[in-house]
Amino acid sequence: MARHVIAPVDELPPGTRKFLTIDERPIAIFNINGEFFGLLNRCPHQGAALCEGPLIGLAQSSDPGEIEYTRLGEILRCPWHGWEFDIRTGQSYCDPKKFRTRAYPVNVEPGASVVKGPYVAETLAVSVESDYVVVDL
Amino acid sequence: MNVQFRDRPEPASPASVKTAIADCDIHPARATKDELYPFLAGRWHAHLETYGVHAYQGMMEGPPYPKTQPNASRRDAWPPEGGQQGSSLSFMQKQHLDPNHVALGVLNPLGATGQGMRNHDLSAALATAINDWQIEKWTSKDSRLKASVVVANEDGMAAAAEIRRRAGDRNFVQVLLLSRNVEPLGQRRYWPIYQAAEEAGLPVGVHAFGFGGNPITASGWPSYYIEEMVGHSQCQQTALASLVLEGVFERHPKLKMIMIEAGFGWAPSLSWRLDKVFEKLHGEVPHLKRKPSEYIRDHIFWTTQPMEDPERRDHLFDVIDWIGWDKLLFATDYPHWDYDEPSRVLPAGVSDANREAFYLTNALKLYGLA
Ligand code: FES
């Protein structure tokens, strides 16, 4: 598993998302309220680019007529047919046993450790003073 | 360098088929509201500005925006230059036609095209304008694209006149009707349409949707969009039963029709049920010389999107065996949200000949392009 430095933290403020290709794999990175998430950017259903989808909440119902809406902004809805994925795990909500999209851990690392580490950061000039978004692949 | 960094993915579909395909349901849109004006007489500009359109039903756009995804379209299909999804030829080429090797794309314009309007003169003027617009903006600019003759469907005579105006023009490959009309589609107000289509050698496509003023279900307006989605196939069944039982195919033995975007898994059961009651009630419809199922199997083609998706693929293949592999026409419904990705729709286990028929040759033959 290689670690890849994606961007300085201030280039990915809360509410933003980025699409990257790492080793020919399409990856989508999200900053949701300061927390970072990474997913394979390909829907397991018919292959749409997931990073085009909206982040919604989770509508659940214990009984007809009772609707609970939670986890606002943590469910990624596919831009084509609307399958829903948990941004934390990649789990799908339409058929959790059969379908998931791959989730990748994303962390923020201080520049000092990034410069030292066995990381791949060809596109970035890394400086010790800043923090960086790093994804494990 | 192994990390590329972009805000948006490439517009091309991430996966695509390797060989040429026909896409029998593509929806071109207008980038601006007045894009049709150059094709409409000045009288109708003034009319539209002053009175607007008067449809047979409210909720002309169907359930309110955004209908699952904005404009009921893929969220990655907004053209970079602005305008509604489906309104840019260059973006359609880049996102869909080129990467998916679309050799034939049949255009089915929806929305305010003149179909389902109470003012029949405006309806006819809009239909003619939409047809001219399809040539000017689409088919003359990309020879892969072919247009549908949009007609003032509730005025059979005006519709027939429009079909005759386009007869022989190879920009057009079919006549376009919608499944929800003022009356079931076999009834006699629509007969001039079938007469003119048969004479012109054009198949008639019946696309799900329409503005006939009737609710989508037989017992009223449903609560949910999901009910409307399945309602389209029930509506299409009504249209098909009416076409058969009113004798449209008996009168027009050369007429071919295409059921567009309403599934096809229901075709065998509707046919079996019709045949069964026909045994008992044929005296009521003595103009029919054959069993209902025979008309259906001889005259009807089916576009694939949306394909039913049974748990066992042999159930799907059983249905297709009944219908005939030569009667299916591949379609994506681009740019709409329930789009079918060409490389992902057909399960494994289909012979090469059937595959090719499914993706390409059935359509080329039906539209006379083979
Ligand atoms: S491609 Fe994502 S839901 Fe179909």
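Taking the criterion of being closer than 30 Å to B:GLN69 by Cβ, more than 16 Å from the ligand (Cβ to nearest atom), loosely packed, with under 15 Cβ neighbours inside 10 Å and within 14 Å of another protein chain (Cβ to nearest Cβ), the only residue of the stretch A:77-126 that qualifies is A:LYS97. In the stretch A:1-33, the residue that is nearest to A:GLY53 (Cα to Cα) out of those that are surrounded by fewer than 14 Cβ atoms within 10 Å (Cβ to Cβ) and at the interface with chain B (Cβ under 10 Å from one of its Cβ atoms) is A:THR16. Out of curiosity, is B:SER148 outside any strand (DSSP E or B) and either closer than 24 Å to B:THR304 by Cβ or among the hydroxyl-bearing types (Ser, Thr, Tyr) (or both)? For B:SER148, the condition - outside any strand (DSSP E or B) and either closer than 24 Å to B:THR304 by Cβ or among the hydroxyl-bearing types (Ser, Thr, Tyr) (or both) - is not met.
Listed here are the residues, each with its yes/no results for (1) modelled with pLDDT of 95 or more; (2) crowded, with 22+ Cβ neighbours inside 10 Å; (3) among the acidic types (Asp, Glu); (4) on the phi < 0 side of the Ramachandran plot.
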residue: B:PRO192; (1), (2), (3), (4): yes, no, no, yes
residue: B:GLY205; (1), (2), (3), (4): yes, yes, no, yes
residue: B:PRO215; (1), (2), (3), (4): no, no, no, yes
residue: B:GLY220; (1), (2), (3), (4): no, no, no, no
residue: B:SER223; (1), (2), (3), (4): no, no, no, yes
residue: B:ILE226; (1), (2), (3), (4): no, no, no, yes
residue: B:LEU240; (1), (2), (3), (4): yes, yes, no, yes
residue: B:VAL244; (1), (2), (3), (4): yes, yes, no, yes
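Looking at the stretch B:98-126, which of its residues are over 23 Å from B:ALA161 (Cβ atoms) and in contact with a Leu (Cβ under 8 Å, 6 or more places away or on another chain)?
We begin by selecting, within the stretch B:98-126, every residue over 23 Å from B:ALA161 (Cβ atoms); these are B:98-105.
Once the filter is applied, which keeps residues that are over 23 Å from B:ALA161 (Cβ atoms) and in contact with a Leu (Cβ under 8 Å, 6 or more places away or on another chain), the stretch B:98-126 yields B:ALA103, B:LEU104, B:GLY105.
Cβ separations smaller than 7 Å between residues 6+ apart or across chains give the following pairs from the stretch A:85-100 residues that are without any contact (Cβ under 8 Å) to a residue 40 or more places away in the chain to residues that are of a type in the set (Gly, Ala, Ser) and away from the ligand (no atom under 11 Å from the Cβ): A:THR89/A:ALA103. Within the option set B:ARG312, B:ARG344, B:ARG290, B:ARG355, being out of contact with any Lys or Arg (no Cβ under 9 Å at 6 or more places or on another chain), of a type outside the set (A, V, I, L, M) and within 14 Å of chain A (Cβ to nearest Cβ) holds for one residue only, B:ARG344. Residues satisfying the criterion are absent from the stretch A:59-69 (criterion: within 16 Å of the ligand (Cβ to nearest atom), loosely packed, with under 14 Cβ neighbours inside 10 Å and within 14 Å of chain B (Cβ to nearest Cβ)). Just one of the listed residues (B:PRO38, B:PRO99, B:PRO70) is more than 14 Å from chain A (Cβ to nearest Cβ) and surrounded by fewer than 19 Cβ atoms within 10 Å (Cβ to Cβ), and it is B:PRO38.
The values are calculated or read from the model by the stated rules, or taken from the named source; none is laboratory data. None of these values were measured; they are calculated from a predicted model. Because the Cβ atoms are built from the backbone with ideal geometry, glycine has one as well, and the counts that use them run over all protein chains shown.
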